[in-house]
1. What does the convex hull of the alpha-carbon atoms of segment 16-142 project to on average, in nm²?
2. In what order, largest first, do M138, M180 sit by accessible area if the probe radius is 1.4 Å?
3. Could you tell me the extents of segment 148-296's C-alpha atoms along the three principal axes, largest first, rounded to whole Å?
4. Taking 1 over the mean of 1/r across every pair of different Cα atoms in segment 195-278, what Kirkwood radius in Å do you get?
5. Which value, in Å², gives the accessible area per residue of the chain when a 1.4 Å probe is used on the protein heavy atoms?
6. With n ≥ 4 as the cut-off for DSSP H runs, can you work out [θ] at 222 nm for the chain, using -39500 (n - 2.57) per run divided by the number of residues, rounded to the nearest 500?
7. Within segment 171-206, what residues put their amide N at less than 19 Å from the label point 7 Å along the Cα-to-Cβ vector of A225?
8. At a threshold of 8 angstrom on Cα-Cα distance, excluding pairs fewer than six apart, so keeping six or more, what relative contact order does the chain reach in percent?
Amino acid sequence: NADAALYYAKAQGRNNFQTYSHKMNSDSFTLLALRSSMHTAIENHEFVIHFQPKVNAETSEITGVEALIRWQHPELGLISPSQFIPLAEDNGLIVTIGEWLLRNVCKQSQAWQDAGLKPVTVGVNLSARQFLQPNLVMTIANILAETGLAPQWLELEITESLAMNDLDYTSSVLEKLYEMGVQIAIDDFGTGHSSLSALKKFPIHTLKIDRSFIQEIASNPHDKAIVGAIVSLAKGLNLNVVVEGVETIDQLNCLRSLECDQVQGFFFSPPMPVELITEMLALDTIPTEFNPIDKLSTQ
Ligand code: C2E
Ligand code: MG
Ligand code: MG
Ligand code: MG
């Protein structure tokens, strides 16, 4: 099974995978190939959606999943979103790809609920160009109506840089989405230009702290202080906090001591193909003995 093989390859060697994409970055032929083949990628079913769980830091209960796109390129193999999303932003295909993803994610989320799984929020990343589409709100309303998903289960992730770019426009779009009942999260929090007063005005639900603050949190008191301050800020503003990029038990324990509510990262699970995340959702909490790689090797 192709998805499983991909997941296995990625889970086995995250560093190899990163080196591979880094190498590709400098290869202009590859970029050219990606650009020219992107136009037919949707109709050829080359995009796949993986899902990474978000869990309650104390109980390991799954509170949500984030949808992360991959491109299974017929010649170039698995392409990471950081490779092709910028290209898709340039040529405008991000709008079509983003709509395809939103529709499929909402459909999948509703299917999980129909199958009797406990409802969880499902996060979708929005790129700048997508966010600036004049019909974004209408598109999302239509997709929710079409798939039957209640708006409260869809969480849109936008980056700080995007949000702070045009404060008035951002507020007006976010207000419409908020009124619709959709959840709003600020992604990669701490890495862009923050305006704390804007943050107070935006109708948002969640801050996702960027993983760069977590990498050394167990040994670096400055990082720990920064994360602690963001957690208090978020709680003061009545926002949820999610910490991304949690890879080790030491990081997790440190985040628990800071009273972080939710975490996401390889410590619990990498992003996974739909069959595997469905199994995890059925488990409800992620037991430490759950090892998706073991399952894959028996398939
Ligand atoms: P993001 O939204 O901040 O997503 C988190 C990224 O961190 C994902 O990379 C995820 O696989 C990775 N990650 C999760 N846990 C860990 C961990 O413990 N350690 C490390 N080192 N990494 C971890 P991915 O899937 O490669 O996505 C990269 C970025 O591409 C995303 O960052 C997001 O900005 C963008 N992206 C992904 N899917 C989509 C999409 O459907 N639409 C748009 N517009 N952007 C997307
Ligand atoms: Mg995200
Ligand atoms: Mg992020
Ligand atoms: Mg990121």
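The values are calculated or read from the model by the stated rules, or taken from the named source; none is laboratory data. No experiment lies behind these values; they were computed from the predicted model shown. Backbone-built Cβ (ideal geometry, glycine too); neighbour counts: all protein chains shown. The accessibility values were calculated without ligands, DNA or RNA, using every heavy atom of the protein model including side chains. Shrake-Rupley method; radii C 1.70, N 1.55, O 1.52, S 1.80 Å.
1. Seen from a random direction, the Cα hull of segment 16-142 projects 9.7 nm² on average.
2. Largest accessible area first, the residues go M138, M180.
3. Between the extreme Cα coordinates on each principal axis of segment 148-296 lie 50, 46, 22 Å.
4. Working: mean 1/r = 0.0738 Å⁻¹.
Its Kirkwood hydrodynamic radius stands at 13.6 Å.
5. 47 Å²
6. Rounded to the nearest 500, it is -15000 deg cm²/dmol.
7. From segment 171-206, the list is 190-191.
8. Values: 439 pairs, mean separation 58.3, N = 299.
Taking the mean separation of contacting Cα pairs over the length of the chain, I get 20 percent.
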